[in-house]
Amino acid sequence: MTAVAIKMYTEEEYLEMERVAEYKSEYYRGEIFAMSGASRNHNRITENLSIEIGIFLKQKGCQSFSRDLRVHIPGNTLYTYPDLLIVYGKPEFLDNQADTLLNPSVIVEVLPPSTEGYDQGKKFQLYQTLRTLTEYVLVDSREIRAEVHRKGDNDVWYLASEASDIDGSIEIGHIGLALKCPISTRKLKGF
């Protein structure tokens, strides 16, 4: 049996390729992983959240960005594209390209079946090393279910808010926003 060698890349090589690529890829410890396209429902959920959060943040000292802004975690080398992120204060970027954010305050991930376990497990562990991250929001793409994980004292993460029925809501405490139902998983009429 012959082992297949995995090509390893430096972070610089990844960024050089990624900035001209026709599709998005994640990077972790020398490996590059192509990202698959999102489903219609995943996109609807992300757009609904982006609108709701964006309107709420208009008068706040925060900004929201959706899925095309890359996040880098220097402590573990991860480069990734969250579905939605919130920055409290001035965004800090990796370099003058301003396409790789270093200081998200809140990250929102919509969970597709293909990466649900990764988003809830390993990716969450990697995100926890971001010094600026205070909340991690997970929204199921197939059923009414959402969770908000919050960083507490001594950097210990806990489940701060969850909803799993049509009358429920979650709270993104860092910005003081309660999302009904969660908005992202309501059944949409006429679509």
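The values are calculated or read from the model by the stated rules, or taken from the named source; none is laboratory data. None of the values given here were measured: they were computed from a predicted structure. No Cβ is skipped: glycine too gets one built from the backbone with ideal geometry, and neighbour counts run over all protein chains shown. Side chains included, ligands, DNA and RNA excluded: accessible areas come from the protein's heavy atoms. Shrake-Rupley method; radii C 1.70, N 1.55, O 1.52, S 1.80 Å.
Among all positions in region 85-94, there is at least one residue which is buried (at least 20 other Cβ atoms within 10 Å of the Cβ) and without any contact (Cβ under 8 Å) to a residue 60 or more places away in the chain. The residue that is modelled with the lowest pLDDT, among those in region 68-110 that are under 9 Å from the mean Cα position of the chain (by Cα) and β-branched (Val, Ile, Thr), is Val110. Of the residues making up region 125-157, those that are touching a His at 6+ places or on another chain (Cβ under 7 Å) and not polar (S, T, N, Q) are Glu135, Tyr136, Trp157.
Checked against (1) within 13 Å of the chain's Cα centre (by Cα); (2) farther than 24 Å from Tyr27 by Cβ, Ile175 passes all but condition (1). Annotation note: Cβ proximity below 7 Å between a residue of region 151-167 that is more than 14 Å from Phe124 (Cβ to Cβ) and a residue that is among the acidic types (Asp, Glu) (sequence gap 6+ or interchain) occurs for Ser161/Glu171; Glu162/Glu147.
When the criteria are applied in full, Met17 fails the requirement of being under 21 Å from Leu102 (Cα atoms) and either at pLDDT below 95 or among the aromatic types (Phe, Trp, Tyr) (or both).
Only a single criterion out of (1) within 22 Å of Thr77 (Cα to Cα); (2) open to solvent by 70 Å² or more (accessible area, probe 1.4 Å); (3) at pLDDT 90 or above is not satisfied by Leu126, namely (2). Considering region 51-75, the residues that are in contact with a helix residue (DSSP H, G or I) (Cβ under 7 Å, 6 or more places away or on another chain) and in contact (Cβ under 8 Å) with a residue 40 or more places away in the chain include one that is surrounded by the most Cβ atoms within 10 Å (Cβ to Cβ), namely Ile73. State whether the residues of region 16-31 include one that is hydrophobic (A, V, I, L, M, F, W, C) and surrounded by 15 or more Cβ atoms within 10 Å (Cβ to Cβ). The answer is no, given that none of the residues of region 16-31 is hydrophobic (A, V, I, L, M, F, W, C) and surrounded by 15 or more Cβ atoms within 10 Å (Cβ to Cβ). Could you go through region 34-50 and let me know if any residue there is modelled with pLDDT of 95 or more, open to solvent by less than 60 Å² (accessible area, probe 1.4 Å) and out of contact with any Gly (no Cβ under 9 Å at 6 or more places or on another chain). No: zero hits.
The set of residues in region 150-174 that are among the acidic types (Asp, Glu) and part of a strand (DSSP E or B) comprises Glu162, Glu171.
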